[in-house]
Amino acid sequence: MTSFIDRMLKLIDTATEKTSRSAATQYGRRSFLSKAGVALVGGALMPVLPFDRTGGSAFAAETDGDDVTSCDYWRYCALDGNLCNTSGGSTTSCPPGTSASKVAWVGTCQNPKDGKEYLVSYNDCCGKATVPTSTFCFRSEGERPAYRMGLHNDINWCMANANKGYHCTVAVLVGLAE
């Protein structure tokens, strides 16, 4: 009986050694470590991937009943330029064929519906000529002097882009002002 167990153990040992050596010739330690590293880093980065943390309701109803093509819309309190939503884009996205400026200015606007102050990022869309039928707005409530570049809206914000042609401006809510 002992010889049977010895033979079985030797058979298992031989099979394990053969499988291990075969795996070692196909997959090196570095390969294993790189795959393990990718899995660890990927798992650690998972919580910072972009997804809607607002629950779909934080800013969803901000345009209910408001005319977003009018310069009087509350979000445009510091906007100086053409509205993208009358130039082929939307309030928050550039029209096709243009790209958002790499630099922008920020305004603080009060939403009359909830009485709260919101930070609004104004990004110029650069890359093609302005549409003659687009709505031009000039509102500069709380505008700062030109030496404070990040708070001033009378600057060609397309200067940092490869194509410096101005097209229109979007107004993106950043969040509540504190």
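What ³J(HN,Hα) values, in whole Hz, does the Karplus curve 6.51 cos²θ - 1.76 cosθ + 1.60 give for segment 100-116 when θ = phi - 60°, with x put for Gly and Pro?
Here the 3J(HN,Hα) series is 5, 5, 6, 10, 8, 10, 10, x, 10, 10, 9, 7, x, 6, 10, x, 9 Hz.
By how many nm would the segment from Ser31 to Trp74 lengthen if fully extended, with 0.36 nm per residue of separation less the alpha-carbon distance?
Working: separation 43, 0.36 × 43 = 15.48 nm, distance 5.59 nm.
In short, 9.9 nm is gained.
Using the basic label-point model (7 angstrom from Cα toward the beta carbon), what is the Val131 to Asn111 distance in nanometres?
Computed distance between label sites Val131 and Asn111 equals 2.6 nm.
Step through the residues of segment 160-174 one at a time and calculate ³J(HN,Hα) from phi using the Karplus curve (6.51 cos²θ - 1.76 cosθ + 1.60, θ = phi - 60°), rounding each to whole Hz and writing x for Gly and Pro.
8, 8, 5, 9, 8, x, 7, 10, 6, 10, 9, 10, 9, 5, 8
What is the fewest-to-most order of Met8, Met159 by other Cβ atoms lying within 10 Å of their Cβ? Don't skip to the answer; put the middle values down first.
Values: Met8 10, Met159 13.
Ascending number of Cβ neighbours within 10 Å: Met8, Met159.
Taking the beta-carbon count within 10 Å as an exposure proxy, list Glu178, Glu141 from fewest neighbours to most.
By the 10 Å Cβ count, ascending: Glu178, Glu141.
Throughout, read-outs are computed from the coordinates displayed, never taken from laboratory work. The structure displayed is predicted, hence computed values, not measured ones. Because the Cβ atoms are built from the backbone with ideal geometry, glycine has one as well, and the counts that use them run over all protein chains shown.
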